[in-house]
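Derivation of every value follows stated rules applied to the coordinates shown; laboratory data play no part. Just so it is clear, the structure is predicted and the values come from calculations on it, not from any experiment. Note that we place each Cβ from the backbone using ideal geometry, even for glycine, and neighbour counts take in every protein chain shown.
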């Protein structure tokens, strides 16, 4: 059924480009992520039966669809999107998925309290590399507040770590790289450094 949903509904490329033209720094890319990148993100996403996956900066939902096609039940996916127009698109095209309109940096306030501590993987599609260190730290703290000790996946177009992870109190591991994305992209896992 999910296959038919993803084939019948377009991923909203026109909406993506419109939003990019209005605010390119908020989008982080000029095109949605490729299927190759989305599949790599899905492959490195973890969740237990009592946990959810939280996608931050879901855009038009291309990563969301890859997660669903990889077997994540819709009710286990929470997507956060700051742009109201994109949130409406996600609600229309991702039935059963919990779509929250809001700022990922305020995640502890917008994610239902019942889900705090129940996040298996947080996935970040926000261009954190463009933000100052203080803003990056705010993001790290927001994720830690709802997913203690879990860290997050970040997909990026940087060949090396886009975050100064030691300054942020994190460990970093590049989980995947795909040259089949425009531009080529990496998936990084950041976890809190111990001690």
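Quick notes on this structure:
- Burial ordering of 177, 188, fewest other beta-carbon atoms within 10 Å first: 177, 188
- Extension gain (nm, one decimal) between residue 109 and residue 193, 0.36 nm per residue minus Cα-Cα: 27.8 nm
- Average projected area [Cα convex hull, the range 47-118], square nanometres: 4.4 nm²
- Sorted by Cβ density within 10 Å, fewest first, the residues 111, 168, 72: 168, 72, 111
- A Förster radius of 25 Å, combined with the Cβ-Cβ distance separating residue 145 from residue 84, puts the computed FRET efficiency at roughly 0.55.
- Considering only Cα atoms, the convex hull volume of the range 78-119 works out to 61 Å³ per residue.
- Estimated translational D of the range 113-195 in µm²/s (Stokes, Kirkwood radius over Cα pairs; 10 °C; 1.306 mPa s): 121 µm²/s
- Distance from the Cα centroid of the range 52-66 to that of the range 154-191 is 17 Å (rounded to whole angstrom).
- More than 28 angstrom apart: percent of Cα pairs within the range 33-175: 10 percent
- Full extension of the segment from residue 36 to residue 69, taken as 0.36 nm per residue of separation minus the current Cα-Cα distance, would add 10.6 nm.
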